[in-house]
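One structure below.
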Amino acid sequence: MAPSLLYNPAKLPPSAALQLAQQAPIVLQQSLSGTETVDQWATYENLLLSCLRTGDDEAAAKCMDRLEERFGADNERVMALRGLLSEAQAENNGELEAVLKQYDAILEGNNTNIPITKRRIALLRSMGRVSDAASALVQFLDFSPTDAEAWSELSDLYFSQGLYSQAIYALEEVLLLSPNAWNIHARLGELQYMAATTSGNGGGSQQKYLAEALKRFARSIELCDDYLRGYYGLKLVTTRLLKEQAKQAKTDEGEFTLPEPRTIQRLDELATAKLSEIVRHSSLKDRGWRGYDEREVAAARELLSQNGIER
């Protein structure tokens, strides 16, 4: 299915973003009709983002002009998009610093401008000022503690610095806001698994992280029974536990108990069977199995191969 300009292109693969950006000449040739729709302006915004991803700054600027003409230069969302365009057009660090100063000036006049606050944080991170970005995010969350996107970004910032406990805490806040988000359960399991395998986390601490990772991956596939990353993580954890001959024991805090070895074995068999099924059907491009990321499917195939399972 061809990508649509009605949906945010941020997570699309480069080839799909290029397809969208190539629609720019046709879309921009169309005159603005007297009767406007929400889809019309969503199309311009998503086309702008697609053009920025593919380096077509000229088409992006034309989309920006139309949005600015319709909603005004003082509209907060338009201001953030204008800032994003300026970031993309910056040719050196000095020009990025100038954009950062513009954001600071805007926030000095209105410190509740959330789109600009988020753009400023994103710019700090892209400039390599990770600790500054994390500090700015913490301040933002004091103002807006129910912003799940901000908590998720803070978790990623902590993770990039190797601060696993802080990253886990921030992602747990996301789950408080979105308790049924299977992808967040799996991501939390990934963080806990990485924390368990980090040098220095031995003994009870390692067992605690592995127990929690097992719990999170199991919950993710309970919520979405075809979620590849959930099964992939479950296979990693169960393989490690079985290899280390894990026995039932409580964690230091007594919050969670590892299942019996035979239960871990059954979970391992479940993960193996499901990963094999996903890899097989996805590789054959069977109907109903075409939505998986090719890189994730390749990683699952490699994991199965490492365990002596050929698919």
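The table below gives the values:
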quantity: Accessible-area composition of the chain, carbon plus sulfur, in percent [1.4 Å probe]; calculated: 49 percent
quantity: Pairwise centroid distance, computed over Cα atoms, of the stretch 73-131 with the stretch 135-206, Å; calculated: 25 Å
quantity: Crossing angle, helix 130-143 versus the chain [Cα axis fit, 0-90 degrees, rounded to tens]; calculated: 80 degrees
quantity: Rel. contact order, % - alpha carbon contacts under 8 angstrom, at least six apart, the chain; calculated: 8 percent
quantity: Degrees, to the nearest 10: 57-71 long Cα axis against longest axis of the chain; calculated: 70 degrees
quantity: Count of lysine pairs in the chain with Cα separation under 19 Å (8 or more residues apart, or interchain); calculated: 15
quantity: Approximate spin-label separation Gln265-Val38, in nm, with each point projected 7 Å along Cα-to-Cβ; calculated: 5.4 nm
quantity: Rounded tilt (10° steps) of 114-126 against the dominant C-alpha axis of the chain; calculated: 70 degrees
quantity: GluC sites (Glu not before Pro), loop per DSSP, at most 16 other Cβ atoms within 10 Å - longest free stretch of the chain; calculated: 92-243
quantity: (1) 1.18; (2) 1.48; (3) 1.81, with the label sought being that of the calculated Cα Rg over 2.2 N^0.38 Å; calculated: (1)
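The values are calculated or read from the model by the stated rules, or taken from the named source; none is laboratory data. Here the structure is a predicted model, which is why all the values come from computation and not from measurement. In this analysis, Cβ positions are derived from the backbone assuming ideal geometry, glycine residues included, and neighbour counts consider all displayed protein chains. Protein only, heavy atoms only, side chains kept; ligands, DNA and RNA dropped before computing areas. Shrake-Rupley method; radii C 1.70, N 1.55, O 1.52, S 1.80 Å.
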